[in-house]
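Notes to accompany the following structure.
The values are calculated or read from the model by the stated rules, or taken from the named source; none is laboratory data. The shown structure was predicted, so the numbers you read here are calculated from the model rather than taken from an experiment. Virtual Cβ from ideal backbone geometry, glycine too; neighbours counted across all protein chains shown.
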Amino acid sequence: MRLLITIFIFFALGVQAFANEKFHMDGDTLFYDTNLAKEEVNAEINWEDADYIYKILLENPNLTRMQLNSGGGLVEAAKYISDLVIDFELDTYVIGECSSACVDIFLAGNKRVLQKGSWLGFHKGSWAATDMKNFYDFKRKEEGWNNPFEFSSWLYEDTQEEILRQMKYMLERGVKADFIIETLQADNEGMWYPRRKRLREAGVITE
């Protein structure tokens, strides 16, 4: 019953809902809220969302802004969505929280607005030991790793490349270097939520 009422309200207000419950559209704004996922396992940024966003943007050239609310998700999917936001020249807006990989999408906006009372969250990347072992077992033949030490050598180089790529992206989006260094020092077990003044000074938010 609650879902039916929500759908009725959307149509009454001229709000377009989509099959993916994390999205709806109102006027020139695409709303992307991963917290609205019906299944907990889907309550994050993922590749299905990335493909969905591309389809929506192609079919709705009137869209000029993406409103975000997400705790993050798959980094590579978020980077792809970021490229879409840049390519379609969208503004980004946060009501609620935009943390971890979501920040990459936010930074892609031409104009970047954080509503008062909302938060941007940063933290260092991490890779759980179990996940690392599973990746090694899955990829060792393909990559030609004869032992964990050869994998470690690859991982050392790959980590440096990933950090450099992230720094270049943030610099490209107008974020100041000293702030980027601060994000690399943030606790990977928690989240760093800088105050609005710091975000404005660093060039993260534009207005």
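In the stretch 106-113, is there at least one residue being within 14 Å of the chain's Cα centre (by Cα), part of a loop (DSSP other than H, G, I, E, B), modelled with pLDDT of 95 or more and not acidic (Asp, Glu)? Yes.
Given the structure, is Val103 touching a residue at least 12 places away in the same chain (Cβ under 8 Å) and part of a strand (DSSP E or B)?
Details: touching a residue at least 12 places away in the same chain (Cβ under 8 Å): yes; part of a strand (DSSP E or B): no.
For Val103, the condition - touching a residue at least 12 places away in the same chain (Cβ under 8 Å) and part of a strand (DSSP E or B) - is not met.
All conditions in (1) without any contact (Cβ under 8 Å) to a residue 60 or more places away in the chain; (2) touching a strand residue (DSSP E or B) at 6+ places or on another chain (Cβ under 7 Å) hold for Thr130, with the sole exception of (2). Among the residues of the stretch 73-87, write down those that are at pLDDT 95 or above and in contact with a Ser or Thr (Cβ under 9 Å, 6 or more places away or on another chain). Once the filter is applied, which keeps residues that are at pLDDT 95 or above and in contact with a Ser or Thr (Cβ under 9 Å, 6 or more places away or on another chain), the stretch 73-87 yields Ala78, Val85. The criterion of being surrounded by 18 or more Cβ atoms within 10 Å (Cβ to Cβ) and part of a helix (DSSP H, G or I) holds for Asp49.
Which residue out of Lys176, Lys197, Lys168 is in the same structural domain as Glu97 (by TED's automatic domain parsing), at pLDDT 90 or above and within 24 Å of the chain's Cα centre (by Cα)? Talk me through it step by step, then tell me what you get.
Values: Lys176 fails: in the same structural domain as Glu97 (by TED's automatic domain parsing); Lys168 fails: in the same structural domain as Glu97 (by TED's automatic domain parsing).
Going through Lys176, Lys197, Lys168 in turn, the sole match is Lys197.
Scanning the stretch 71-100 for residues that are surrounded by fewer than 18 Cβ atoms within 10 Å (Cβ to Cβ) and either polar (S, T, N, Q) or assigned to a strand (DSSP E or B) (or both) yields Ile95, Gly96.
For the stretch 26-45, what are the residues that are part of a loop (DSSP other than H, G, I, E, B) and either of a type in the set (Gly, Ala, Ser) or buried (at least 20 other Cβ atoms within 10 Å of the Cβ) (or both)? Before the answer, list the steps.
Here is the first cut: in the stretch 26-45, the residues part of a loop (DSSP other than H, G, I, E, B) are 27-28, 37-39, 43-44.
Listed by number, the residues that qualify are Gly27, Ala37, Ala43, Glu44.
Leu68: at pLDDT 95 or above and part of a loop (DSSP other than H, G, I, E, B), yes or no?
On the way: at pLDDT 95 or above: yes; part of a loop (DSSP other than H, G, I, E, B): no.
Considered against the rule, which asks whether it is at pLDDT 95 or above and part of a loop (DSSP other than H, G, I, E, B), Leu68 comes out as no.
Of all residues in the stretch 161-207 being touching a strand residue (DSSP E or B) at 6+ places or on another chain (Cβ under 8 Å) and assigned to a helix (DSSP H, G or I), which is nearest to Asp104 (Cα to Cα)?
Within the stretch 161-207, the subset touching a strand residue (DSSP E or B) at 6+ places or on another chain (Cβ under 8 Å) is 182-183, 186, 191-194, 196, 199, 204-207.
Those left that are additionally assigned to a helix (DSSP H, G or I): 182-183, 196, 199.
Numbers: Glu182: 16, Thr183: 12, Arg196: 17, Leu199: 14 Å.
This residue is Thr183.
For the stretch 147-160, the count of residues that are in a loop (DSSP other than H, G, I, E, B) and either in contact with an Asp or Glu (Cβ under 8 Å, 6 or more places away or on another chain) or not assigned by TED's automatic domain parsing to the domain that holds Thr206 (or both) is at least one.
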